[in-house]
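Worksheet: the structure to be examined is printed underneath.
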Amino acid sequence: MRDIRLLADPFDPSSSLEKLSEASPDSGGIASFIGKVRCGGGVEALELSHYEPLTLPGMDALADAAQERFELGGLVMLHRIGTMHPGDPIVLVAAAAPHRRDAIEAVDFCMDHLKSAAWFWKREKRADGWHWIEPREADHADLARWA
Amino acid sequence: MAVTILFLGPLRDIAGEDSREVSAPLDWPGLLDAVSGDVAAQLKEERVNIACAGKVLADKTLLHAEDGDEVALLPPVSGG
């Protein structure tokens, strides 16, 4: 199973995880990461914009790279676009694999690339208006681990 | 005829518009002339990329956009 998508509407990560599990009976393990909009900290809304010609093709190429690098039985990468609210899921990455380390590392690999090497732009709405979120130094350092 | 310049992410706020049409062909010096000084300053930074007709340019100074092409200005990304 391979499911790589951009989603304009809210989604339920648990149903995708269930499908991956059902579709990967030969995989001994599934690792997953769910990114959510933080509650508290004054964030009222979060908006993710993308660039159609690049964003999904870039995620597909990332999935190819993950499947080449790790031994996987299945890979799910779902990423929201549009406006989200505190508690909403932003991203789900899940990998099924015969052995745990491939599953765990594939999820880590995909998330590091989605954070700072995929074509998304994020801004947060606070009491005083919208603020663009710049990538952090730590995000670039995380990405460099896979070079 | 026209090339469409698309301002993405924070560059949209700096430009004050989503997109702009300029006459074709469009090269790097032409692009810097076509946008405001603030946007041009951003474009000169290494961390800002340019895509032409759906492909990210390895060297943005070699931009050569033809009639009908879309030139997307891509500031640093933040996903996840």
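Does A:Val91 satisfy the criteria of being within 24 Å of A:Pro57 (Cβ to Cβ) and in a helix (DSSP H, G or I)?
Details: within 24 Å of A:Pro57 (Cβ to Cβ): yes; in a helix (DSSP H, G or I): no.
No: the conditions fail for A:Val91.
Pairs under 8 Å by beta carbon, first residue within 9 Å of chain B (Cβ to nearest Cβ) in the stretch A:128-143, partner assigned to a helix (DSSP H, G or I) and modelled with pLDDT of 90 or more, six or more apart or different chains?
Within 8 Å, the pairs are A:Trp132/B:Pro10; A:Trp132/B:Asp13; A:Pro135/A:Lys115; A:Asp139/A:Asp112; A:Asp139/A:Lys115.
Residue-wise test of (1) without any contact (Cβ under 8 Å) to a residue 12 or more places away in the chain; (2) among the charged types (D, E, K, R); (3) in contact with a Ser or Thr (Cβ under 6 Å, 6 or more places away or on another chain).
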site	(1), (2), (3)
B:Asp38	no, yes, no
B:Ala41	yes, no, no
B:Gly54	no, no, no
B:Leu62	no, no, no
B:Ala65	no, no, no
B:Asp69	no, yes, no
B:Leu74	no, no, no
B:Gly79	yes, no, no
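Checking the condition open to solvent by less than 20 Å² (accessible area, probe 1.4 Å) and in a strand (DSSP E or B), which residue from A:Leu48, A:Leu20, A:Leu6 passes?
Values: A:Leu20 fails: in a strand (DSSP E or B); A:Leu6 fails: open to solvent by less than 20 Å² (accessible area, probe 1.4 Å).
Sole residue among the options that is open to solvent by less than 20 Å² (accessible area, probe 1.4 Å) and in a strand (DSSP E or B): A:Leu48.
In the set B:Ala24, B:Ala53, which member is among the small types (Gly, Ala, Ser) and open to solvent by 40 Å² or more (accessible area, probe 1.4 Å)?
Details: B:Ala24 fails: open to solvent by 40 Å² or more (accessible area, probe 1.4 Å).
Just one listed residue meets the conditions, B:Ala53.
Look through the stretch A:99-139, keep the residues that are among the small types (Gly, Ala, Ser) and part of a helix (DSSP H, G or I), and return whichever of them is nearest to B:Gly79 (Cα to Cα). Give the derivation first.
Applying the first criterion (among the small types (Gly, Ala, Ser)) to the stretch A:99-139 yields A:103, A:106, A:116-118, A:127, A:129, A:138.
In the following step, the residues that additionally are part of a helix (DSSP H, G or I) were identified as A:103, A:106, A:116, A:138.
On the way: A:Ala103: 21, A:Ala106: 17, A:Ser116: 6, A:Ala138: 14 Å.
Ranking the candidates gives A:Ser116 first.
Answer yes or no as to whether B:Gly9 is more than 12 Å from A:Tyr51 (Cβ to Cβ), modelled with pLDDT of 95 or more and either of a type in the set (Gly, Ala, Ser) or more than 9 Å from the chain's Cα centre (by Cα) (or both). Quick ask: steps written out before the conclusion?
Numbers: more than 12 Å from A:Tyr51 (Cβ to Cβ): no; modelled with pLDDT of 95 or more: yes; either of a type in the set (Gly, Ala, Ser) or more than 9 Å from the chain's Cα centre (by Cα) (or both): yes.
So B:Gly9 fails the test.
Quick check, is B:Arg12 within 11 Å of another protein chain (Cβ to nearest Cβ) and in contact (Cβ under 8 Å) with a residue 24 or more places away in the chain? Spell out the reasoning first.
Values: within 11 Å of another protein chain (Cβ to nearest Cβ): yes; in contact (Cβ under 8 Å) with a residue 24 or more places away in the chain: no.
No: the conditions fail for B:Arg12.
Report, ordered by the first and then the second residue, all pairs with beta carbons closer than 8 Å, sequence separation of six or more or different chains, a first member in the stretch A:19-47 that is on the phi > 0 side of the Ramachandran plot, and a second member that is outside any loop (DSSP other than H, G, I, E, B).
Short answer, once both residue conditions are applied: A:Gly42/A:Arg126.
Among the residues of the stretch A:59-66, is there at least one that is open to solvent by less than 60 Å² (accessible area, probe 1.4 Å) and in a loop (DSSP other than H, G, I, E, B)? Let's see the steps before the verdict.
Here is the first cut: in the stretch A:59-66, the ones open to solvent by less than 60 Å² (accessible area, probe 1.4 Å) are A:59-63, A:65-66.
Pick out the ones that are also in a loop (DSSP other than H, G, I, E, B) and you get none.
The answer is no, given that none of the residues of the stretch A:59-66 is open to solvent by less than 60 Å² (accessible area, probe 1.4 Å) and in a loop (DSSP other than H, G, I, E, B).
Being more than 14 Å from chain A (Cβ to nearest Cβ) and not in a loop (DSSP other than H, G, I, E, B) is the filter; apply it to the stretch B:49-64 and report the residue that is nearest to the chain's Cα centre (by Cα).
Per the criteria, the residue is B:Lys60.
Here is a check on your reading of the model: is A:Ile90 among the aliphatic types (A, V, I, L, M), open to solvent by 20 Å² or more (accessible area, probe 1.4 Å) and within 11 Å of another protein chain (Cβ to nearest Cβ)? So that I can check it myself, show each step before the final result.
On the way: among the aliphatic types (A, V, I, L, M): yes; open to solvent by 20 Å² or more (accessible area, probe 1.4 Å): no; within 11 Å of another protein chain (Cβ to nearest Cβ): yes.
The answer is no for A:Ile90.
The values are calculated or read from the model by the stated rules, or taken from the named source; none is laboratory data. Keep in mind that what you see is a predicted model, and the values were worked out from it rather than measured. Don't worry about glycine lacking a Cβ; one is built from the backbone with ideal geometry, like all the others, and counts go over all protein chains shown. For the accessible areas, the whole protein counts, side chains as well, though only heavy atoms, and no ligand, DNA or RNA atoms are used. Shrake-Rupley method; radii C 1.70, N 1.55, O 1.52, S 1.80 Å.
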